[in-house]
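This report refers to the structure that appears directly beneath it.
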Amino acid sequence: MTAWTAGPRNLITDVAGLKVGHADDATLKSGVTAILCEEPAVASVQVLGGAPGTRETDLLNPHNTVDRVDAFVLSGGSAFGLDAASGVQAALLEAGRGYPAGPYRVPIVPAAILFDLANGGDKEWGRYPPYRELGYAALNAATADFALGTQGAGAGATTADLKGGLGSASTLLRDHDVAVGALAAVNSLGTTTIAGTRHFWAAPFEIGDEFGGLGMPSPFPQDASRLHIKYRDTNRADARTNTTIAVIATDAQLGKAECKRLASAAHDGFARAIWPSHTPMDGDLIFAVSTGRKPLNREKGGMIDLCAAAASTMARAIARGVFAATPKDGDIFSCWSQRT
(Lines give C-alpha, C1' and ligand atoms only; values in the text may rest on other atoms or scores of the structure.)
Protein backbone atom coordinates (compact mmCIF):
# COMPACT_ATOMS: atom_id res chain seq x y z
CA MET A 1 0.00 0.00 0.00
CA THR A 2 1.36 3.40 -0.97
CA ALA A 3 2.35 5.61 1.98
CA TRP A 4 1.16 9.16 1.39
CA THR A 5 1.80 12.17 3.63
CA ALA A 6 1.65 15.93 3.17
CA GLY A 7 4.94 17.63 2.39
CA PRO A 8 6.74 19.84 4.92
CA ARG A 9 5.11 23.04 3.63
CA ASN A 10 1.92 21.40 2.34
CA LEU A 11 2.32 23.65 -0.70
CA ILE A 12 3.01 23.07 -4.38
CA THR A 13 6.57 24.22 -3.69
CA ASP A 14 7.25 20.91 -1.94
CA VAL A 15 7.83 19.86 -5.56
CA ALA A 16 11.50 20.72 -6.05
CA GLY A 17 12.11 23.35 -8.70
CA LEU A 18 9.04 25.55 -8.23
CA LYS A 19 8.39 28.92 -6.59
CA VAL A 20 5.16 30.92 -6.29
CA GLY A 21 4.50 34.65 -6.00
CA HIS A 22 1.38 36.78 -5.53
CA ALA A 23 0.44 40.37 -6.33
CA ASP A 24 -3.02 41.77 -5.69
CA ASP A 25 -4.95 44.99 -5.11
CA ALA A 26 -7.50 45.24 -2.28
CA THR A 27 -9.44 48.05 -3.99
CA LEU A 28 -9.55 46.13 -7.25
CA LYS A 29 -10.42 42.89 -5.41
CA SER A 30 -8.32 40.97 -7.87
CA GLY A 31 -4.79 39.77 -8.38
CA VAL A 32 -2.25 37.49 -10.01
CA THR A 33 -0.33 34.38 -8.98
CA ALA A 34 2.84 33.41 -10.85
CA ILE A 35 4.36 29.93 -10.71
CA LEU A 36 8.07 30.04 -11.54
CA CYS A 37 9.92 27.00 -12.86
CA GLU A 38 13.49 27.41 -11.68
CA GLU A 39 14.53 25.55 -14.84
CA PRO A 40 12.44 25.07 -18.00
CA ALA A 41 9.99 22.28 -17.24
CA VAL A 42 7.89 19.83 -19.28
CA ALA A 43 4.21 20.79 -19.22
CA SER A 44 0.78 20.23 -20.69
CA VAL A 45 -2.82 21.26 -20.01
CA GLN A 46 -6.35 19.91 -19.85
CA VAL A 47 -9.44 22.13 -20.16
CA LEU A 48 -12.77 20.61 -19.11
CA GLY A 49 -14.85 23.71 -18.43
CA GLY A 50 -17.00 25.25 -21.12
CA ALA A 51 -15.85 28.87 -20.77
CA PRO A 52 -12.04 29.05 -20.56
CA GLY A 53 -9.80 32.08 -20.98
CA THR A 54 -6.23 31.17 -21.86
CA ARG A 55 -2.89 32.08 -23.39
CA GLU A 56 -0.23 29.74 -24.87
CA THR A 57 -2.22 26.56 -24.28
CA ASP A 58 -1.97 25.23 -27.86
CA LEU A 59 1.79 24.76 -27.55
CA LEU A 60 1.18 22.48 -24.56
CA ASN A 61 -0.53 19.82 -26.71
CA PRO A 62 1.74 16.76 -26.86
CA HIS A 63 1.99 16.87 -30.66
CA ASN A 64 3.34 20.43 -30.72
CA THR A 65 7.02 21.37 -30.72
CA VAL A 66 7.79 23.43 -27.60
CA ASP A 67 7.67 21.10 -24.60
CA ARG A 68 9.06 23.23 -21.77
CA VAL A 69 7.81 26.34 -20.05
CA ASP A 70 9.39 28.97 -17.84
CA ALA A 71 6.39 29.94 -15.73
CA PHE A 72 2.61 29.82 -15.44
CA VAL A 73 0.14 32.57 -14.63
CA LEU A 74 -3.21 32.32 -12.85
CA SER A 75 -5.03 35.65 -12.85
CA GLY A 76 -8.27 37.35 -12.02
CA GLY A 77 -9.72 39.98 -14.32
CA SER A 78 -11.41 37.83 -16.95
CA ALA A 79 -9.81 38.36 -20.38
CA PHE A 80 -8.16 41.56 -19.12
CA GLY A 81 -6.09 39.37 -16.79
CA LEU A 82 -4.32 37.69 -19.70
CA ASP A 83 -2.12 40.80 -19.73
CA ALA A 84 -0.48 39.43 -16.57
CA ALA A 85 1.56 36.99 -18.65
CA SER A 86 3.26 39.91 -20.41
CA GLY A 87 4.48 41.20 -17.06
CA VAL A 88 5.79 37.77 -16.12
CA GLN A 89 7.52 37.55 -19.50
CA ALA A 90 9.20 40.90 -18.86
CA ALA A 91 10.55 39.75 -15.50
CA LEU A 92 11.80 36.48 -16.99
CA LEU A 93 13.50 38.27 -19.88
CA GLU A 94 15.29 40.55 -17.41
CA ALA A 95 16.57 37.37 -15.74
CA GLY A 96 17.87 36.01 -19.07
CA ARG A 97 15.19 33.31 -19.32
CA GLY A 98 13.35 32.14 -22.42
CA TYR A 99 13.16 29.74 -25.35
CA PRO A 100 16.22 30.36 -27.57
CA ALA A 101 15.32 31.62 -31.04
CA GLY A 102 18.55 32.62 -32.75
CA PRO A 103 19.94 35.64 -30.90
CA TYR A 104 16.63 36.14 -29.07
CA ARG A 105 14.93 34.60 -26.07
CA VAL A 106 11.18 34.18 -25.74
CA PRO A 107 9.92 33.29 -22.25
CA ILE A 108 7.17 30.66 -22.47
CA VAL A 109 4.37 31.59 -20.07
CA PRO A 110 1.02 29.79 -20.37
CA ALA A 111 -1.77 31.61 -18.56
CA ALA A 112 -5.38 31.19 -17.50
CA ILE A 113 -7.90 33.62 -16.06
CA LEU A 114 -11.00 33.60 -13.89
CA PHE A 115 -13.91 36.03 -13.86
CA ASP A 116 -13.92 38.26 -10.77
CA LEU A 117 -15.17 41.52 -12.28
CA ALA A 118 -18.53 41.45 -10.44
CA ASN A 119 -17.20 40.88 -6.92
CA GLY A 120 -17.60 44.39 -5.48
CA GLY A 121 -14.14 45.69 -6.39
CA ASP A 122 -13.38 48.91 -8.26
CA LYS A 123 -12.67 47.94 -11.87
CA GLU A 124 -12.54 51.52 -13.22
CA TRP A 125 -8.85 51.27 -14.02
CA GLY A 126 -8.72 53.68 -16.96
CA ARG A 127 -7.30 52.94 -20.39
CA TYR A 128 -5.23 49.88 -19.52
CA PRO A 129 -5.91 47.23 -16.88
CA PRO A 130 -3.29 46.75 -14.13
CA TYR A 131 -2.63 43.07 -14.69
CA ARG A 132 0.65 43.40 -16.60
CA GLU A 133 2.25 45.19 -13.66
CA LEU A 134 0.67 42.77 -11.20
CA GLY A 135 2.16 39.89 -13.19
CA TYR A 136 5.61 41.49 -13.10
CA ALA A 137 5.36 41.99 -9.33
CA ALA A 138 4.07 38.46 -8.74
CA LEU A 139 6.96 36.82 -10.59
CA ASN A 140 9.50 38.94 -8.73
CA ALA A 141 7.86 37.94 -5.43
CA ALA A 142 8.14 34.20 -6.14
CA THR A 143 9.42 32.15 -3.21
CA ALA A 144 9.02 28.72 -1.67
CA ASP A 145 6.66 29.94 1.06
CA PHE A 146 3.50 31.82 0.16
CA ALA A 147 0.12 32.69 1.66
CA LEU A 148 -3.23 31.04 0.93
CA GLY A 149 -6.80 32.34 0.82
CA THR A 150 -7.52 35.91 -0.26
CA GLN A 151 -4.24 36.25 -2.12
CA GLY A 152 -3.05 36.63 -5.71
CA ALA A 153 -5.41 35.10 -8.24
CA GLY A 154 -7.73 34.17 -5.38
CA ALA A 155 -8.01 37.72 -4.02
CA GLY A 156 -11.44 38.29 -5.55
CA ALA A 157 -12.62 34.72 -6.06
CA THR A 158 -16.06 33.48 -4.99
CA THR A 159 -17.97 30.20 -4.96
CA ALA A 160 -21.74 29.66 -5.06
CA ASP A 161 -22.18 30.58 -1.41
CA LEU A 162 -18.81 31.64 0.05
CA LYS A 163 -15.67 33.57 -0.80
CA GLY A 164 -13.25 31.50 -2.79
CA GLY A 165 -9.51 31.79 -2.59
CA LEU A 166 -6.06 30.56 -3.52
CA GLY A 167 -5.32 27.08 -2.17
CA SER A 168 -2.40 24.69 -2.28
CA ALA A 169 -1.45 21.24 -0.97
CA SER A 170 1.20 18.58 -1.46
CA THR A 171 1.58 14.82 -1.19
CA LEU A 172 4.75 12.80 -0.75
CA LEU A 173 4.53 9.32 -2.30
CA ARG A 174 7.02 7.60 -0.04
CA ASP A 175 6.97 4.28 -1.94
CA HIS A 176 8.06 6.04 -5.12
CA ASP A 177 10.14 8.85 -3.57
CA VAL A 178 8.31 11.52 -5.58
CA ALA A 179 6.11 14.49 -4.71
CA VAL A 180 2.88 15.92 -6.10
CA GLY A 181 1.73 19.48 -5.49
CA ALA A 182 -1.40 21.40 -6.41
CA LEU A 183 -2.28 25.09 -6.61
CA ALA A 184 -5.83 26.29 -7.31
CA ALA A 185 -7.64 29.61 -7.62
CA VAL A 186 -11.19 28.66 -6.61
CA ASN A 187 -13.92 30.75 -8.25
CA SER A 188 -16.51 28.09 -8.93
CA LEU A 189 -20.12 28.16 -10.08
CA GLY A 190 -20.82 25.40 -7.58
CA THR A 191 -20.20 24.86 -3.87
CA THR A 192 -17.17 23.48 -2.03
CA THR A 193 -19.15 22.71 1.12
CA ILE A 194 -22.02 20.27 1.60
CA ALA A 195 -25.57 21.65 1.67
CA GLY A 196 -24.69 24.91 3.40
CA THR A 197 -22.74 23.25 6.21
CA ARG A 198 -19.12 23.84 7.25
CA HIS A 199 -18.17 20.40 5.90
CA PHE A 200 -16.13 20.29 2.70
CA TRP A 201 -16.88 17.94 -0.17
CA ALA A 202 -13.12 17.17 -0.15
CA ALA A 203 -13.27 15.85 3.45
CA PRO A 204 -12.42 12.20 2.62
CA PHE A 205 -9.00 13.33 1.38
CA GLU A 206 -8.11 15.72 4.21
CA ILE A 207 -4.76 15.18 5.91
CA GLY A 208 -4.92 16.14 9.59
CA ASP A 209 -7.03 19.26 10.06
CA GLU A 210 -5.69 21.19 7.08
CA PHE A 211 -9.16 22.58 6.32
CA GLY A 212 -10.91 22.29 9.66
CA GLY A 213 -10.81 18.56 10.36
CA LEU A 214 -14.61 18.28 10.41
CA GLY A 215 -14.93 15.24 8.20
CA MET A 216 -18.28 14.44 6.60
CA PRO A 217 -21.54 15.62 8.20
CA SER A 218 -23.53 13.11 10.25
CA PRO A 219 -26.29 12.59 9.50
CA PHE A 220 -25.56 13.31 5.86
CA PRO A 221 -27.98 16.00 4.57
CA GLN A 222 -30.76 14.56 2.45
CA ASP A 223 -30.58 17.59 0.16
CA ALA A 224 -26.79 17.39 -0.38
CA SER A 225 -27.23 16.82 -4.11
CA ARG A 226 -29.38 19.93 -4.53
CA LEU A 227 -27.69 22.33 -6.92
CA HIS A 228 -26.81 25.62 -5.27
CA ILE A 229 -25.50 27.72 -8.16
CA LYS A 230 -23.75 31.05 -7.91
CA TYR A 231 -26.10 33.97 -8.65
CA ARG A 232 -29.06 31.71 -9.56
CA ASP A 233 -31.39 33.49 -7.13
CA THR A 234 -29.94 37.00 -7.29
CA ASN A 235 -29.64 39.87 -9.74
CA ARG A 236 -26.00 40.66 -8.93
CA ALA A 237 -24.55 39.11 -12.05
CA ASP A 238 -25.15 36.41 -14.59
CA ALA A 239 -23.97 32.83 -14.42
CA ARG A 240 -20.83 33.33 -16.51
CA THR A 241 -18.80 34.71 -13.62
CA ASN A 242 -16.88 31.59 -12.66
CA THR A 243 -13.91 29.26 -13.26
CA THR A 244 -11.45 27.31 -11.14
CA ILE A 245 -7.93 27.37 -12.57
CA ALA A 246 -5.07 25.29 -11.25
CA VAL A 247 -1.62 23.76 -11.59
CA ILE A 248 -0.69 20.18 -10.72
CA ALA A 249 3.03 19.52 -10.39
CA THR A 250 5.43 16.65 -9.74
CA ASP A 251 9.17 16.16 -9.50
CA ALA A 252 8.82 12.79 -11.26
CA GLN A 253 10.23 12.64 -14.78
CA LEU A 254 7.27 12.79 -17.17
CA GLY A 255 6.92 13.40 -20.87
CA LYS A 256 4.52 15.89 -22.37
CA ALA A 257 1.79 13.30 -23.00
CA GLU A 258 2.13 12.00 -19.45
CA CYS A 259 1.74 15.55 -18.15
CA LYS A 260 -1.53 15.80 -20.04
CA ARG A 261 -2.69 12.55 -18.47
CA LEU A 262 -1.73 13.92 -15.04
CA ALA A 263 -3.78 17.08 -15.70
CA SER A 264 -6.74 14.92 -16.75
CA ALA A 265 -6.50 12.89 -13.55
CA ALA A 266 -6.22 16.02 -11.43
CA HIS A 267 -9.59 17.17 -12.77
CA ASP A 268 -11.10 14.37 -10.68
CA GLY A 269 -10.04 16.50 -7.73
CA PHE A 270 -12.30 19.27 -9.04
CA ALA A 271 -15.19 16.80 -9.17
CA ARG A 272 -14.44 15.62 -5.62
CA ALA A 273 -14.22 19.12 -4.17
CA ILE A 274 -16.79 21.20 -6.11
CA TRP A 275 -20.47 20.40 -6.75
CA PRO A 276 -21.10 20.78 -9.64
CA SER A 277 -17.86 21.24 -11.58
CA HIS A 278 -16.92 21.41 -15.29
CA THR A 279 -20.14 23.20 -16.21
CA PRO A 280 -20.70 25.15 -19.43
CA MET A 281 -20.29 28.34 -17.37
CA ASP A 282 -16.97 27.37 -15.72
CA GLY A 283 -13.65 27.63 -17.54
CA ASP A 284 -12.13 24.83 -15.46
CA LEU A 285 -8.51 24.25 -16.46
CA ILE A 286 -5.46 22.50 -15.04
CA PHE A 287 -1.86 22.97 -16.14
CA ALA A 288 0.44 20.03 -15.39
CA VAL A 289 4.19 20.39 -14.96
CA SER A 290 7.06 17.99 -14.35
CA THR A 291 10.30 19.39 -12.96
CA GLY A 292 11.91 16.03 -13.75
CA ARG A 293 14.12 15.79 -10.68
CA LYS A 294 13.44 12.09 -9.98
CA PRO A 295 12.85 8.91 -12.01
CA LEU A 296 9.42 7.24 -11.85
CA ASN A 297 9.15 3.45 -11.67
CA ARG A 298 6.25 2.79 -14.01
CA GLU A 299 6.56 -1.00 -13.66
CA LYS A 300 5.55 -0.69 -10.01
CA GLY A 301 2.47 1.40 -10.76
CA GLY A 302 4.17 4.75 -10.35
CA MET A 303 2.05 6.56 -12.95
CA ILE A 304 -1.19 5.14 -11.54
CA ASP A 305 -0.30 6.24 -8.01
CA LEU A 306 0.79 9.63 -9.33
CA CYS A 307 -2.57 10.18 -11.04
CA ALA A 308 -4.48 9.17 -7.92
CA ALA A 309 -2.38 11.53 -5.81
CA ALA A 310 -2.98 14.31 -8.31
CA ALA A 311 -6.74 14.04 -7.81
CA SER A 312 -6.65 13.89 -4.02
CA THR A 313 -4.06 16.66 -3.71
CA MET A 314 -6.08 18.92 -5.99
CA ALA A 315 -9.25 18.32 -3.95
CA ARG A 316 -7.37 19.30 -0.78
CA ALA A 317 -5.92 22.43 -2.39
CA ILE A 318 -9.40 23.59 -3.43
CA ALA A 319 -10.79 23.16 0.09
CA ARG A 320 -7.78 24.91 1.62
CA GLY A 321 -8.29 27.92 -0.63
CA VAL A 322 -11.86 28.43 0.59
CA PHE A 323 -10.96 27.56 4.19
CA ALA A 324 -8.22 30.23 4.27
CA ALA A 325 -10.25 33.10 2.74
CA THR A 326 -10.46 36.24 4.89
CA PRO A 327 -13.12 38.99 4.98
CA LYS A 328 -12.42 42.33 3.27
CA ASP A 329 -14.34 45.58 2.93
CA GLY A 330 -16.96 45.46 0.20
CA ASP A 331 -17.26 41.67 0.05
CA ILE A 332 -20.48 40.34 -1.46
CA PHE A 333 -19.95 36.85 -0.01
CA SER A 334 -19.02 35.74 3.50
CA CYS A 335 -16.02 33.56 4.32
CA TRP A 336 -16.00 29.98 5.53
CA SER A 337 -14.64 31.22 8.87
CA GLN A 338 -17.80 33.31 9.34
CA ARG A 339 -20.18 30.39 8.80
CA THR A 340 -21.71 28.94 11.97
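The values are calculated or read from the model by the stated rules, or taken from the named source; none is laboratory data. Source: prediction; values computed, not measured. Using ideal geometry, Cβ is built from the backbone for each residue, glycine included, and neighbour counts are taken over all protein chains shown.
Considering the range 314-339, and only residues there that are on the phi < 0 side of the Ramachandran plot, among the small types (Gly, Ala, Ser) and outside any helix (DSSP H, G or I), the residue that is modelled with the lowest pLDDT turns out to be 334. Identify, please: which residue in the range 1-27 is among the small types (Gly, Ala, Ser) and either under 17 Å from the mean Cα position of the chain (by Cα) or not in a loop (DSSP other than H, G, I, E, B) (or both) and is, among those, surrounded by the fewest Cβ atoms within 10 Å (Cβ to Cβ)? In this case the residue turns out to be 21.
Criterion first (out of contact with any Gly (no Cβ under 9 Å at 6 or more places or on another chain) and either assigned to a loop (DSSP other than H, G, I, E, B) or modelled with pLDDT of 95 or more (or both)) does residue 124 satisfy it?
The answer is yes for residue 124.
The listed residues are 62, 103, 52, and the only one of them that is in contact (Cβ under 8 Å) with a residue 24 or more places away in the chain and farther than 23 Å from residue 241 by Cβ turns out to be 62.
Residue count for the range 44-83, restricted to those that are β-branched (Val, Ile, Thr) and crowded, with 21+ Cβ neighbours inside 10 Å: 3.
Comparison of 230, 260 shows that the only residue that is surrounded by 14 or more Cβ atoms within 10 Å (Cβ to Cβ), of a type in the set (D, E, K, R), at pLDDT below 95 and touching a strand residue (DSSP E or B) at 6+ places or on another chain (Cβ under 9 Å) is 230. Among the candidates 218, 225, 188, 170, the residue that is among the small types (Gly, Ala, Ser) and closer than 18 Å to residue 308 by Cβ is uniquely 170. Against the definition (among the aliphatic types (A, V, I, L, M) and without any contact (Cβ under 8 Å) to a residue 60 or more places away in the chain), how does residue 281 come out, yes or no? It is false that residue 281 is among the aliphatic types (A, V, I, L, M) and without any contact (Cβ under 8 Å) to a residue 60 or more places away in the chain. Within the range 194-219, being of a type outside the set (Gly, Ala, Ser), modelled with pLDDT of 95 or more, surrounded by fewer than 12 Cβ atoms within 10 Å (Cβ to Cβ) and part of a loop (DSSP other than H, G, I, E, B) holds for one residue alone: 209. Among residues belonging to the range 309-334 that are under 15 Å from the mean Cα position of the chain (by Cα), within 12 Å of residue 159 (Cβ to Cβ) and of a type in the set (Gly, Ala, Ser), point out the one that is surrounded by the most Cβ atoms within 10 Å (Cβ to Cβ). Filtering the range 309-334 for residues that are under 15 Å from the mean Cα position of the chain (by Cα), within 12 Å of residue 159 (Cβ to Cβ) and of a type in the set (Gly, Ala, Ser), the one surrounded by the most Cβ atoms within 10 Å (Cβ to Cβ) comes out as 321.
Hey, among the residues in the range 263-300 that are among the charged types (D, E, K, R) and under 14 Å from residue 52 (Cβ atoms), which one's modelled with the lowest pLDDT? Out of the qualifying residues, it is 282.
Among the residues of the range 91-116, those that are within 30 Å of residue 158 (Cα to Cα) and of a type outside the set (Phe, Trp, Tyr) comprise 91, 108, 109, 110, 111, 112, 113, 114, 116. Based on what the data block shows, is residue 95 surrounded by fewer than 17 Cβ atoms within 10 Å (Cβ to Cβ), within 26 Å of residue 132 (Cβ to Cβ) and either over 19 Å from the mean Cα position of the chain (by Cα) or not aromatic (Phe, Trp, Tyr) (or both)? When the stated conditions are applied, residue 95 passes them.
Residue 304 satisfies every condition listed in (1) free of Cβ contacts under 8 Å to residues at least 24 places away in the same chain; (2) exposed (fewer than 15 other Cβ atoms within 10 Å of the Cβ); (3) over 26 Å from residue 72 (Cα atoms) except (3). Of all residues in the range 132-172, those satisfying the criterion of being in contact with a Leu (Cβ under 7 Å, 6 or more places away or on another chain) and either among the β-branched types (Val, Ile, Thr) or not in a loop (DSSP other than H, G, I, E, B) (or both) are 139, 149, 152, 153, 154, 165, 166, 167, 168, 170. Taken over the range 58-107, residues that are part of a loop (DSSP other than H, G, I, E, B), farther than 14 Å from residue 23 by Cα and either touching a Leu at 6+ places or on another chain (Cβ under 7 Å) or small (Gly, Ala, Ser) (or both) amount to 6. The residues on offer are 31, 49, and the sole one that is in a loop (DSSP other than H, G, I, E, B) and either closer than 16 Å to residue 184 by Cβ or in contact with a Pro (Cβ under 9 Å, 6 or more places away or on another chain) (or both) is 49.
Against the criterion of being surrounded by fewer than 16 Cβ atoms within 10 Å (Cβ to Cβ), in contact (Cβ under 8 Å) with a residue 60 or more places away in the chain and touching a helix residue (DSSP H, G or I) at 6+ places or on another chain (Cβ under 9 Å), residue 112 does not qualify.
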